[in-house]
1. Would you mind calculating the relative contact order of the chain from Cα pairs under 8 angstrom and at least 6 residues apart, reporting the percent as a whole number?
2. Count charges around Q148 for me, please; just the other residues with Cβ under 12 Å from its Cβ, Lys/Arg as +1, Asp/Glu as -1.
3. Taking every alpha carbon pair in the stretch 247-344, what does the distance histogram look like in 5 angstrom bins from 0, in percent?
4. Please label the shape of the stretch 278-407 as rounded, prolate or oblate, based on the square roots a ≥ b ≥ c of the eigenvalues of the alpha-carbon gyration tensor (a/c under 1.5 means rounded; beyond that, a/b larger than b/c means prolate, else oblate).
5. Rg to Rh for the chain: what is it, with Cα atoms only and Rh by Kirkwood?
6. Which peptide among 225-233, 127-135 comes first, and what is the full order, when sorted by highest mean count of other Cβ atoms within 10 Å?
7. What angle do you read, to the nearest 10 degrees and between 0 and 90, between the alpha-carbon axis of helix 323-333 and the longest principal axis of the chain?
8. Taking the number of other C-beta atoms within 10 Å as the exposure measure, put L78, L391 in order starting with the fewest.
Amino acid sequence: MPEYIAIDDARVQLHRAVPGPLTGRVRMRYPGDDEDDSFYVGPTHARIDLGGGRETQVVSWVAPAAAAFFERHYEAGLVKVRRHLDSDGHDLTRAWDEWLTDPDGIAFDGDPVAQTEEPGTASTAEDALRERLLAPRTPLTALLGMLQPEQYALVAADPTSSLVVQGHAGTGKTVVATHRAAWLTHAEREQRLRNVLLLGPTPTWASHIAPVISELATPDTVIVRSFGQVLAQVLSANSNPPHKPSRSADVVHATSEQLGRTLATVVANQLRTDPELTPAKAYTAFLKTNRVAPPSGTRQDFLEWREALPRRFDEALADDRLWPLLAYLVVLLGEPEGHAHVIVDEAQDLRPLELMVLARLNAGSWTLIGDMRQRRTSHTPGSWKRVCKLLGIDDSPEEQLSGGYRSTQAIIDFAGSLLPRSAARRNPAMLGAGTPPRVVNASAAEPSLPQVVLDEAILLVDAHPDGTVAVITELVEEVANCAYDHGWQTEGSQIWTDDHGRRFSLLSSEQARGLEFDAVVVAEPAAFRERAGDFGPLYTALTRANLELTVVHRRSLPPPLIRYIREHSDRF
Ligand SMILES: Nc1ncnc2c1ncn2[C@@H]1O[C@H](COP(=O)(O)OP(=O)(O)OP(=O)(O)O)[C@@H](O)[C@H]1O
């Protein structure tokens with residue numbers, strides 16, 4: 001960070017180095033004081049010796065005093081001015097001042113740090129935020145300097161009670177989840193928690209958020225896992241078992257809550273006669289019990305499904321779709337060491353039995369973050385109240401996030417047409433209006449749909465040479481075959497590259513959860529609903545785009561999108 005270089009240039013000695021860029025600066029007057037106080041906010045507490053017996057202080061972002069920087073209405077009248085510092089790695093790129101009183105001259109005077117190269121303070125907080133959001137997105141990074149007051153309030157909310165955060169796509173829920181995990185466990189917080197489990201939908205999500213955790217969190221305090229990895233860990237199983245085609249998943253998910261009740265009853269009954277009960281013995285007992293509780297219309301299906309299950313626990317482990325069932329038996333019988341707090345990102349996607357497993361892994365309170373409108377199936381609870389009930393949370397306030405940081409207004413409005421009118425967004429997108437989505441009808445016989453999708457993806461890749469592009473579709477295999485035929489290669493199975501070094505990601509809506517790209521092609525919208533029976537996955541797919549969205553379809557578009565296009569025919 002230039003301050004340090006500049007401080008060194010000015011032969012200003014540091015007591016200790018600050019590991020990372022400073023976040024900002026505050027000038028305020030405490031009641032009863034004759035002079036203003038000024039301090040920096042940064043990644044950790046530090047004292048900067050300015051020479052001549054003077055020093056300035058860096059207050060850790062987790063300290064209560066840092067609220068003077070982050071909170072919009074910090075104890076009215078105390079804060080005079082805040083200086084926001086934005087950096088790219090260790091280079092200070094921008095600084096801007098936010099006056100809360102009438103400007104009275106120099107915002108921060110009298111110390112060498114203020115006379116260093118902090119760039120001009122022309123931009124406002126809003127300009128700086130917009131500029132950053134319009135630039136090609138880098139992997140998710142710590143955003144301390146940009147954290148919005150509504151986000152900070154949730155990051156730093158009291159962890160003695162549980163918290164539910166509902167927010168539209170792109171309102172910064174993952175930003176809140178990651179920063180909260182770091183805040184709760186930070187070594188400099190007086191009542192820090194010993195550990196936090198930070199849970200999200202997929203391993204790709206886990207790698208997407210990893211940089212924030214390694215930048216902000218105290219080492220070895222935040223455990224990042226995908227839902228599947230948690231189940232694998234409970235079962236000590238490999239997290240990528242071979243998929244066996246079966247009806248297991250449908251029945252496990254469709255009867256999830258009743259299945260949980262049946263398993264709990266089996267375990268309780270068996271324990272009466274067998275205190276040494278193991279998950280394997282409980283599984284065998286479950287295969288035989290008459291005390292099953294599926295909904296009446298599905299009882300026959302349930303019994304047939306159970307009849308076809310592997311006869312032994314260790315054989316059943318080979319089918320990951322049975323993992324929630326098996327893991328529940330393990331946690332019912334074991335005494336897992338509970339986490340001090342669990343944060344769940346995309347929490348709307350957990351099914352009842354998965355929630356019941358999780359409930360037994362947490363010894364503390366919860367932070368549940370998600371968007372009920374992005375539910376991927378009707379087998380997940382339809383309300384936060386229901387989610388809380390399954391986790392055993394008594395009464396938790398439901399907080400809302402309302403800012404729009406991911407997508408342009410044009411993309412938000414187009415995707416938002418899939419939502420009920422009552423769910424419309426309240427705040428305008430920070431990225432501005434943007435260009436309307438491009439809708440390509442590929443219903444002619446030639447070229448094929450995958451070919452059109454590939455051509456559109458290449459157009460976007462060329463238009464965003466420094467950015468990221470994704471194709472999101474339920475027809476992953478068809479598009480992959482087409483890309484392969486045209487000389488594209490895959491690294492992992494999601495990122496495709498060509499000989500010119502161009503690249504795009506190819507994902508199903510399930511894999512795209514929680515991620516974002518500068519430009520996105522969504523292929524064959526009609527196919528999303530067939531999988532989910534709901535618009536949630538299509539809404540998720542459309543809202544992964546920051547700046548540009550192309551929709552390619554061969555079949556008819558879903559009626560709300562047709563209506564939207566008709567009502568806004570001037571834009572399409
Ligand atoms: N305060 C902020 N300053 C700068 N960028 C922000 C801020 N809050 C969020 N963003 C950016 O907006 C984008 C969306 O944020 P995030 O992924 O947290 O949203 P989300 O609510 O989890 O979305 P979804 O539910 O659709 O996955 C990210 O690029 C993030 O870095």
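Rule-based calculations on the coordinates, nothing more; no lab input. For clarity, every value in this text was computed on a predicted model and none was experimentally measured. In this analysis, Cβ positions are derived from the backbone assuming ideal geometry, glycine residues included, and neighbour counts consider all displayed protein chains.
1. Across the chain, relative contact order equals 12 percent.
2. Local net charge: -2.
3. With a bin width of 5 Å, the distribution comes to 2, 13, 24, 25, 18, 11, 6, 2, 0.
4. prolate
5. 1.01
6. So the order, starting with the most tightly packed, is 225-233, 127-135.
7. With both axes taken from Cα atoms, the answer is about 80 degrees.
8. In increasing order of surrounding Cβ atoms, one gets L78, L391.
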